[in-house]
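Take a look at the structure below.
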Amino acid sequence: MTTTRLKLNLGPQHPSTHGVLRLLLELEGEKIISCEPDIGYLHRGMEKMAEKMTYIQYLPLVDRIDYLAGFFYSELLCRIVEQALCIELPDKVRAIRVMLLEMNRISSHLLWIGAFLMDLGAVSPFFYAFREREMILRYFEKLTGQRMMYNYFVFGGVRKDIDYLEDVEYIVSYLPQKLDEYEKIITENPIFLRRTEGKGILEPDTAYSFAITGANLRASGIDDDYRKSDYLYKGFDFKPIVLDNKDSWARYKARVLEIRESLNIISQALDYLKKADKLEQRLINPINLKLPQGDYSAEIEAPRGLACCFVRSDGQEKPYRLKWRTGSYYSVNLLRELLKGEYLNDAIAIAGSLDIILPEVDK
Amino acid sequence: MALKLIKSAKALYEGLMTVFVHLFRKPVTLEYPEKRRILNDAFRGKPEVNGCVGCGICKKVCPSGAINYKKDENGKVYFYEFDLKKCIFCGNCAYYCPKAAIKMTGEYELACDNPQGLKLDYKGGIND
């Protein structure tokens, strides 16, 4: 008997591909022989755009690189400028930024849990996750003025002093019980287990060769968290979540545990902020801001892996070149390896477990 | 095997019970056109200009080129024009305005049938 191979386009408008991603699959029966990710449907030219904009004009736009975790990218651009002009952040600014970054991480992970479960066919967790995420977004809106495009960090500090801390306190006390609820519905559910346990196994060697970072790497048993060596997180006590299962289930569990760890960091920052004095920061005048000639780079542990920004300045008020490294780009590439030999009906479950956000991939 | 089956059944039961309880909870959403959310003062909606001195900083910090100014025949007074079709409501202009002349209001329903309705004209400023 002869078998013919079938080429199948998954996407770009498949409802389960987050954003617009086209996967060109080669099938033998239902088995995937090879997978070719095709990206670029959401390309907005974020890097090229920076070359004709001043730093202060570019700052509101970086929130849009990853619209689920906008704070991380504005933090990166602020870091570049602060590093170039040797600005040291006051402790209160550090605490504010850490608190907001971790809340942003939680909101991003919550949306991922909802979307991932939706990929697997479970609808209710999506609504529950959105309900909790809404509390965080409402707080962001109160503080910064908008729900997703915050534009709150400025070079050398934050736009205004932190406020509405009682809301954060409520979120910190309320979320753990809701997470228990999610875990009751999801973690031990036999249907969920059959679709995730042992599926999409990511070996540490493969993860290294594909430059995977973040929760995906830590779910493969590698203790690598950039936050541990980040100056922003100095003085905060937390431990990276490392799991040894290597499969889709581990990636889910790692993110749930990461939310709990983030809540721990937030409560530490909250304790500090409640006792802290009024905000005193040294802001720079951004109107004629010019970075000294040279190369600058900064890294941060974003929800989807290590995010980096590289700026080459020629002493003008606009960057000469600006590049972003985003975690999702590498996760998409990993699908080539991870989908090989799996069945078609697991393809979406595995792709979903990697937490891919397409605007971040295409930039 | 039997143990696994019992464990699975228990997990399913617990999950279904958690979902079941939600049937008796109050809705968390608002029925939008009839009921509207009360927005915070910090909300960044349609900008409003009042008391501008014509320094031009807002044009310089605007990322999307939504702000333009032009001189009148005498070359003295600036006409500021906010193009809300281009505006991304980032709030840079309001934040960097030295006279706090620009304010972001809570108005967010900006759809209109006339494109001129999305242009904010402000005549004023000193330029001596």
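The values are calculated or read from the model by the stated rules, or taken from the named source; none is laboratory data. A quick note: this is a predicted structure, and the numbers were derived from the prediction, not measured. A quick note on method: Cβ atoms are made from the backbone with ideal geometry, for glycine too, and the neighbour counts reach across all protein chains shown.
Structure notes:
- Test: residue A:88 is within 14 Å of residue A:156 (Cβ to Cβ) and without any contact (Cβ under 8 Å) to a residue 60 or more places away in the chain: yes
- For the range A:40-57, the count of residues that are within 14 Å of chain B (Cβ to nearest Cβ), under 20 Å from the mean Cα position of the chain (by Cα) and part of a loop (DSSP other than H, G, I, E, B) is at least one.
- Selection status of residue A:77, within 14 Å of another protein chain (Cβ to nearest Cβ) and surrounded by 20 or more Cβ atoms within 10 Å (Cβ to Cβ): yes
Okay, residues lined up against (1) part of a helix (DSSP H, G or I); (2) modelled with pLDDT under 90:
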{"site": "A:66", "(1), (2)": "no, yes"}
{"site": "A:89", "(1), (2)": "no, yes"}
{"site": "A:98", "(1), (2)": "yes, no"}
{"site": "A:105", "(1), (2)": "yes, no"}
{"site": "A:110", "(1), (2)": "yes, no"}
{"site": "A:125", "(1), (2)": "yes, yes"}
{"site": "A:128", "(1), (2)": "yes, yes"}
{"site": "A:132", "(1), (2)": "yes, yes"}
{"site": "A:137", "(1), (2)": "yes, no"}
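- Among residues of the range A:130-148 being crowded, with 21+ Cβ neighbours inside 10 Å and within 9 Å of chain B (Cβ to nearest Cβ), the one that is nearest to residue A:79 (Cα to Cα) is A:144.
- The set of residues in the range A:174-193 that are in contact with a helix residue (DSSP H, G or I) (Cβ under 9 Å, 6 or more places away or on another chain), part of a helix (DSSP H, G or I) and either more than 9 Å from chain B (Cβ to nearest Cβ) or not aliphatic (A, V, I, L, M) (or both) comprises A:174, A:175, A:176, A:178, A:179, A:181, A:182, A:183, A:184, A:190, A:192.
- Test: residue in the range A:279-294 that is part of a strand (DSSP E or B), touching a residue at least 60 places away in the same chain (Cβ under 8 Å) and touching a strand residue (DSSP E or B) at 6+ places or on another chain (Cβ under 8 Å): yes
- Any hit, the range A:77-85, residues being within 21 Å of residue A:160 (Cβ to Cβ) and of a type in the set (Lys, Arg): yes
- Scan of the range A:178-214 for residues that are surrounded by 19 or more Cβ atoms within 10 Å (Cβ to Cβ), more than 15 Å from residue A:253 (Cα to Cα) and β-branched (Val, Ile, Thr), ordered by number: A:212, A:213
- If the condition is being farther than 14 Å from residue A:247 by Cα, in contact with a Ser or Thr (Cβ under 7 Å, 6 or more places away or on another chain) and in a loop (DSSP other than H, G, I, E, B), then the range A:313-362 contributes A:317, A:318, A:319, A:320, A:340, A:356, A:357.
- Qualifying residue in the range A:325-343 (condition: of a type outside the set (S, T, N, Q) and more than 30 Å from residue A:28 (Cβ to Cβ)): yes
- Scanning the range A:342-359 for residues that are of a type in the set (Val, Ile, Thr) and closer than 12 Å to residue A:195 by Cα yields A:348, A:350.
- Among the criteria (1) loosely packed, with under 12 Cβ neighbours inside 10 Å; (2) within 14 Å of chain A (Cβ to nearest Cβ); (3) without any contact (Cβ under 8 Å) to a residue 40 or more places away in the chain; (4) not aliphatic (A, V, I, L, M), the one residue B:117 does not fulfil is (2).
- Residue A:56 of a type in the set (A, V, I, L, M, F, W, C), surrounded by 16 or more Cβ atoms within 10 Å (Cβ to Cβ) and within 23 Å of residue B:67 (Cα to Cα): yes
- Condition met for residue A:205 (over 14 Å from residue A:117 (Cα atoms), within 10 Å of another protein chain (Cβ to nearest Cβ) and out of contact with any strand residue (DSSP E or B) (no Cβ under 6 Å at 6 or more places or on another chain)): no
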